[in-house]
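Have a look at the structure below before the remarks.
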Amino acid sequence: MDHFLYRNGVLHAEDVPVAEIAVAVGTPFYVYSTATLLRHFTLFDDALDGMDHLVCYAMKAASNQAILKTLAQAGAGMDVVSGGEYARAKAAGVPGDKIVFSGVGKTAEEIRTALTGGIRQFNVESEPEMEVLNRVAGEVGVVAPITIRVNPDVDAKTHAKISTGKSENKFGIPIARAREVYAMAGAMDHIEVIGIDVHIGSQLTDLTPFELAYQKVAELTVQLREDGHDIRRLDLGGGLGIPYARSNEAPPLPTDYGAMVKRTVGHLGCEVEIEPGRLIAGNAGLMVSEVIYVKSGEGRDFLILDGAMNDLIRPAMYEAHHDIVPVVEPAPGTEQAPYDIVGPVCESGDTFAKQRMMPPLVAGDLVAFRSAGAYGAVMSSEYNTRPLIPEVLVNGDQYAVIRARPTFDEMINRDTIPEWL
Ligand SMILES: *Cc1c(COP(=O)(O)O)cnc(C)c1O
């Protein structure tokens, strides 16, 4: 469920008409719903009720300070994958002991920053990383709490670009070698093994791959405890999918996911962390864009929007589907026609949808891309010297710009000219 509904024939973000925001900030823009963000966080939090747990929002999905603050104030921890994200989490007021550091390529510099600023744990992904962590922790004079990310060799059955738990993927260490690597960690002076981490991919629409992975983690917990490790925390990653096409998708709910977590690892007495990103932010955001032209082509018609692949790259990058709806609700029984919906960027890949059935639209009409809250704004670029589009947060009947659109001068002045020119 989200909070973007038609009321009196116009699309609203909570209690604010989307068209009103368009007038105020111009198009295209992203708009997020506070109520949806909080609802999704709470669903996860409640689903793990009865277990010692922390929901660590995977902030790479949408990392605006206002979004982080909204979730942090509700009690969320953060899963960060870079020094920049760590700095963002701290700037949003998240205490170090609620920040988990994931990622295959943490630099010594990033590790030092997190050790100095405070960290809940590092999810270590390789032996060389563990050696660097041990060395830097020694230099800083602390002991670094770690889990080791294991790769369970489970097929997440999702898009290849967001599948991470197969043996061919770059992530984690093969679960078959886990005991050996834990032994190595156990012998290091500035590392304390506290648990196990697993994350098998994103946009999973079936619980089975999670269940297979978590069963393997449960078995490993028992083995590692036999080996003398005090395994007391399990980080189970993120990855639960969302319905991108409302008409025909119904992925499992956080409630079902929570029940499965309890079933697979509940008996171990571990504290549990989960790292949802997409499910918290995805359906909490729209991208709103204006029709610039309706162009008749050879055998097909194009809707040319002012939003483009640089603003929302998911269709070009992952062949992703987004429902695209008119901001003014079509009258019941309005006939629809197929359009290719495209942006103005000079690439054929700048196509949001092919032969999508839409009601009649004319230049100046607004459309909204649903489910654009996750991996939307964060993956945008200024390709074609198109400004990063504004982000707006709605809360009830209030809204605020949480990232402004830069001016052309601001963009150009970020470049510097060498003295010989
Ligand atoms: C991306 C990522 C997540 C979040 O995945 P979602 O599909 O957005 O829930 C969680 N943990 C790690 C380590 C990740 O890389």
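The values are calculated or read from the model by the stated rules, or taken from the named source; none is laboratory data. Please read all numbers here as calculations on a predicted model, not as lab measurements. Neighbour counts are summed over all protein chains in view; Cβ atoms, including those assigned to glycine, are modelled from backbone coordinates with ideal geometry. All accessible areas refer to the heavy atoms of the entire protein, side chains included, with ligands and DNA or RNA removed. Shrake-Rupley method; radii C 1.70, N 1.55, O 1.52, S 1.80 Å.
A few notes on this one:
- Within the range 228-244, the residues that satisfy the criterion of being closer than 12 Å to Ile148 by Cβ and open to solvent by 10 Å² or more (accessible area, probe 1.4 Å) are His229, Arg233.
- Residues satisfying the stated conditions in the range 298-327, i.e. without any contact (Cβ under 8 Å) to a residue 40 or more places away in the chain and part of a loop (DSSP other than H, G, I, E, B): Glu298, Gly299
- Glu290 closer than 28 Å to Asn395 by Cβ, open to solvent by 20 Å² or more (accessible area, probe 1.4 Å) and either within 13 Å of the ligand (Cβ to nearest atom) or touching a strand residue (DSSP E or B) at 6+ places or on another chain (Cβ under 9 Å) (or both): yes
- Subset tally (residues that are under 23 Å from the mean Cα position of the chain (by Cα) and of a type in the set (Val, Ile, Thr)) for the range 174-199: 2
- In the range 172-212, the qualifying residues are those that are in a loop (DSSP other than H, G, I, E, B) and open to solvent by 50 Å² or more (accessible area, probe 1.4 Å), and the one that is nearest to the ligand (Cβ to nearest atom) is Thr205.
- The requirement of being touching a Gly at 6+ places or on another chain (Cβ under 9 Å), open to solvent by less than 10 Å² (accessible area, probe 1.4 Å) and assigned by TED's automatic domain parsing to the domain that holds Val198 is satisfied by Ile148.
- For the range 50-119, the strands (runs of 3 or more DSSP E) that sit wholly inside it and include 3 or more residues that are under 15 Å from the mean Cα position of the chain (by Cα) are 53-58, 77-80.
- Test: Tyr6 is open to solvent by 20 Å² or more (accessible area, probe 1.4 Å), more than 15 Å from Ala400 (Cβ to Cβ) and part of a strand (DSSP E or B): yes
Per-residue answers, yes or no, for (1) surrounded by 18 or more Cβ atoms within 10 Å (Cβ to Cβ); (2) assigned by TED's automatic domain parsing to the domain that holds Gly141; (3) over 30 Å from Ile292 (Cβ atoms):
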| site | (1), (2), (3) |
| --- | --- |
| Pro17 | no, no, no |
| Thr42 | no, no, yes |
| Asp46 | no, no, yes |
| Ala58 | yes, no, yes |
| Gly77 | yes, no, yes |
| Val80 | yes, no, yes |
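- Extreme residue, most open to solvent (accessible area, probe 1.4 Å), among residues of the range 261-283 that are more than 16 Å from the ligand (Cβ to nearest atom) and of a type in the set (D, E, K, R): Arg263
- Verdict on Glu249 being surrounded by fewer than 21 Cβ atoms within 10 Å (Cβ to Cβ) and in a strand (DSSP E or B): no
- Matching option when the condition is in the same structural domain as Asp323 (by TED's automatic domain parsing), of a type outside the set (Lys, Arg) and open to solvent by 40 Å² or more (accessible area, probe 1.4 Å), among Leu393, Leu361, Leu366, Leu388: Leu388
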